[in-house]
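Everything below concerns the one structure shown next.
The values are calculated or read from the model by the stated rules, or taken from the named source; none is laboratory data. Keep in mind the model is a prediction, meaning the values are calculated, not measured. Every residue, glycine as well, gets a Cβ built from its backbone with ideal geometry; the counts of neighbours run over all protein chains shown.
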């Protein structure tokens, strides 16, 4: 018996209709059905944050959501954060301030940071650290990640988006 369900989602501004099994996690739908492999699977237990995306404008871990639950949603992945060929300021900040090492956690960190700056344009260092509590990096000491986000916040405050 085929239990598949039809879902319709808008991902990075593009509408998609697809048949999915009810148990398919959103992270696997994005990676395997749509080929958007920038959203990483790091732990499958919602601990690491590598799979963070924006769902209807909110930062969420896509390994905790079924694809069928996202039916009708607007989704932004790391691939859709840049606009018209220009990096998002957080992406730029990670490049300018060396906020990455191996890069595995970077998409999730960037998506969490972009949401933070959308909701709090001028966060303190403690607020940045608190916003990143759900994202783990196994390579850095987080210092450059925090600096990258502070750099992006300053750029965005100046209106240089």
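Of note:
- Subset of the stretch 78-96 (residues that are outside any helix (DSSP H, G or I) and crowded, with 23+ Cβ neighbours inside 10 Å): none
- For residue 42, the criteria (1) out of contact with any helix residue (DSSP H, G or I) (no Cβ under 6 Å at 6 or more places or on another chain); (2) assigned to a loop (DSSP other than H, G, I, E, B); (3) modelled with pLDDT of 95 or more hold in every case but one, which is (3).
- Residues in the stretch 115-161 that are surrounded by 15 or more Cβ atoms within 10 Å (Cβ to Cβ), assigned to a loop (DSSP other than H, G, I, E, B) and within 16 Å of the chain's Cα centre (by Cα): 132, 134, 135, 136, 137.
- Test: residue in the stretch 8-22 that is part of a loop (DSSP other than H, G, I, E, B), at pLDDT 95 or above and out of contact with any strand residue (DSSP E or B) (no Cβ under 7 Å at 6 or more places or on another chain): yes
- Options 72, 49; residue that is within 16 Å of the chain's Cα centre (by Cα) and assigned to a loop (DSSP other than H, G, I, E, B): 49
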